[in-house]
Structure formats: structure tokens, C-alpha cells
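The block underneath contains the structure these notes are about, expressed in C-alpha cells.
The values are calculated or read from the model by the stated rules, or taken from the named source; none is laboratory data. Everything quoted here is computed from the prediction, not taken from an experiment. For neighbour counting, all protein chains shown are included, and Cβ atoms are generated from backbone atoms with ideal geometry for every residue, glycine included. Quick note on the areas: whole protein, heavy atoms, side chains included, nothing else; ligands and nucleic acids left out. Shrake-Rupley method; radii C 1.70, N 1.55, O 1.52, S 1.80 Å.
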Amino acid sequence: MSTQLLLDKVTKDFGDGDTTVQVLKHVSLEVKAGEFVAVVGPSGAGKSTFLSIAGALLSPTSGRIVIGNQDISTLSDKQLNRIRLQRIGFIFQSANLIPYLTVRDQLLLIAELAGSRNKEAENRADELLLRLGLAHRTDHYPESLSGGERQRVAIARAWMNNPEIILADEPTASLDSERGRDVVEMLADEVKLRQKAAVMVTHDLRMLDLCDRVVYMEDGMLSERPAEVLHPIH
Ligand SMILES: Nc1ncnc2c1ncn2[C@@H]1O[C@H](COP(=O)(O)OP(=O)(O)OP(=O)(O)O)[C@@H](O)[C@H]1O
Ligand SMILES: [Mg+2]
């Protein structure tokens, strides 16, 4: 299986001069097509920083990020923008929907930004909304949706441009455990069905059986850990 996402000895320093803190300390991770990796670890460990760097939302202090065969570490902001739009789907802890856009328009905006708003994009939006159980909500605004529905819109939006990489930062944090499990099951299905590479940061150890691999982050360092160490009982 081919490597879809590679982070190679990534470091991230925050601050300047005397007050510099190294939040990531030579972190490496390889994710293959069709693989769903969970990142767990204590608050402040560097998980969100790591995910933001993997998604080209934040640049590393040193190290390489490779997406497919392309090293993105040296790209310009404009080039990174395109990569984010076309190759990466990001799902945040809160859905981050735009209040004045309907559910369908949240998805179409993504196509528009990528310069591909056409009939095909409209069909794809409708198909995704159907798949995520939102067909009856397409013309609703975020304020009239439940937390679970909003998070499913955020997932549909992340899939809109058919990205090869899906990154999710605590996507179930605002959901009850049943809804949360639904959301993670959808992510897992998409990874398998369309051979995506996915990384999910989570505090919810009950979701780990849906992932292929669990890595543990502590104090800016990443280590492989078998899921059963963290989650002995299902
Ligand atoms: N922009 C920033 N400037 C300075 N320090 C930062 C910045 N962003 C994050 N940090 C620091 O980096 C460390 C890691 O933060 P990060 O958000 O990656 O942790 P996390 O593992 O996602 O934690 P949580 O589980 O609470 O979300 C923290 O100590 C945080 O204070
Ligand atoms: Mg975080």
C-alpha cells in the first residue's frame, strides 16, 4: 500500500529567544492509503499542533511533510492553499459552519473556492448529504441543526473535494457517545471504501477499535502503542 501522508522528523517551536518552547520534538508518522490512525495523549501534548502541521495549516520549524509524492515543506502560501483545498479534508472539534449558509451551500462553497463549482459538484454535494443522512436538512441553516447533524455537515464538507487525506481533531467532542460513534464509523468506512489516509485526534478511547492503529503523543513525542494497552475492554 502506498504512503499517502508522511511527516518526517517534524519539530515545532513556539515563542522567540529565551522563551522558546519546543512543542513537537522530531515527530515522524507515516499513513498509508486505506489506513485510519488515531492519536491519543494528554492535554497540551501537541496533538492539535501536529495535526495542523499535517494539514498544512501551520508550518513546521523543521522536518518534512510529504503528501502523496509531493514534499509540501517548501511550498509558497498560495500553493499550500491549493493543497489544503484539493487534497486535505479537515474536521475540527466544533463543526465551524458558516451561520448564513444553508447546509448545501456550505458544501458548494468548498467547490467554489477550488474553482470547481458546477453541476458535478452539485450532484456530489447532494450525494454526500444523502449518504450522511442529511437529505432532509439541505436547505436548513446551522442554527436549526442538532450538534450531531452539524458535525455530519462538517464531515460532508471535508469530503466535498474528494481529498486523499482526512484529518479530524476531536470530531466527537461535542457529541453524545452514540452520535460520536456514528461519526467515527463514517470516517472509518470512507477510509476503507475510497482508500483515504486519515488521522484522528481523540480523547475518547471507546472509538479506538474503529481505527487501524493508535499512536500516543506525550510531551511533543510520538510513540506507537497497541490499542489494547489503552483500551483493554470493549
Ligand atoms: N500558537 C501558539 N503559541 C504558543 N504556544 C502554543 C501555540 N499553540 C499551542 N501552543 C502550546 O503548545 C502545546 C501543545 O498544544 P496543542 O494544542 O497541540 O495540545 P493538544 O495535545 O492538542 O492538547 P488538547 O488535548 O488540550 O487539545 C501547549 O503547551 C500549548 O500551550
Ligand atoms: Mg488539541
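Checking the stated criteria, Ile53 turns out not to satisfy the condition of being more than 16 Å from ligand 2 (Cβ to nearest atom) and surrounded by 15 or more Cβ atoms within 10 Å (Cβ to Cβ).
Can we say Val27 is away from ligand 1 (no atom under 15 Å from the Cβ), closer than 21 Å to Arg213 by Cβ and either in a loop (DSSP other than H, G, I, E, B) or modelled with pLDDT of 95 or more (or both)? So Val27 fails the test. The set of residues from region 12-48 being of a type in the set (D, E, K, R) and farther than 15 Å from Met217 by Cβ comprises Asp13, Asp16, Asp18, Glu30, Lys32, Glu35.
Being within 16 Å of ligand 1 (Cβ to nearest atom), without any contact (Cβ under 8 Å) to a residue 40 or more places away in the chain and either within 23 Å of Met160 (Cβ to Cβ) or part of a loop (DSSP other than H, G, I, E, B) (or both): is that true of Leu75 here? The answer is no for Leu75.
When Lys47 is tested against (1) within 16 Å of ligand 2 (Cβ to nearest atom); (2) farther than 20 Å from Arg225 by Cβ; (3) open to solvent by 10 Å² or more (accessible area, probe 1.4 Å), only condition (2) is not met.
Gly15 fulfils the conditions (1) within 12 Å of ligand 1 (Cβ to nearest atom); (2) in contact with a helix residue (DSSP H, G or I) (Cβ under 8 Å, 6 or more places away or on another chain) except for a single criterion, (2). All of (1) more than 16 Å from ligand 1 (Cβ to nearest atom); (2) under 16 Å from the mean Cα position of the chain (by Cα); (3) within 25 Å of Ile67 (Cβ to Cβ) hold for Glu185 with one exception: (3).
Suppose the filter is more than 22 Å from Asp189 (Cα to Cα) and either within 16 Å of ligand 2 (Cβ to nearest atom) or β-branched (Val, Ile, Thr) (or both); does Gly17 pass it? In short, no.
One line per residue, one yes/no per condition, for (1) of a type outside the set (Gly, Ala, Ser); (2) surrounded by fewer than 16 Cβ atoms within 10 Å (Cβ to Cβ); (3) under 22 Å from the mean Cα position of the chain (by Cα); (4) closer than 26 Å to Glu185 by Cβ:
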residue: Phe92; (1), (2), (3), (4): yes, no, yes, yes
residue: Ala95; (1), (2), (3), (4): no, no, yes, yes
residue: Ala111; (1), (2), (3), (4): no, no, yes, yes
residue: Arg117; (1), (2), (3), (4): yes, yes, no, no
residue: Leu130; (1), (2), (3), (4): yes, yes, yes, yes
residue: Leu134; (1), (2), (3), (4): yes, no, yes, yes
residue: His140; (1), (2), (3), (4): yes, yes, no, yes
residue: Ser146; (1), (2), (3), (4): no, yes, yes, yes
residue: Ile155; (1), (2), (3), (4): yes, no, yes, yes
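Counting just the residues of region 166-204 that are open to solvent by 10 Å² or more (accessible area, probe 1.4 Å) and within 16 Å of ligand 2 (Cβ to nearest atom), which one comes out nearest to Leu51 (Cα to Cα)? Applying the filter and picking the extreme gives Asp169.
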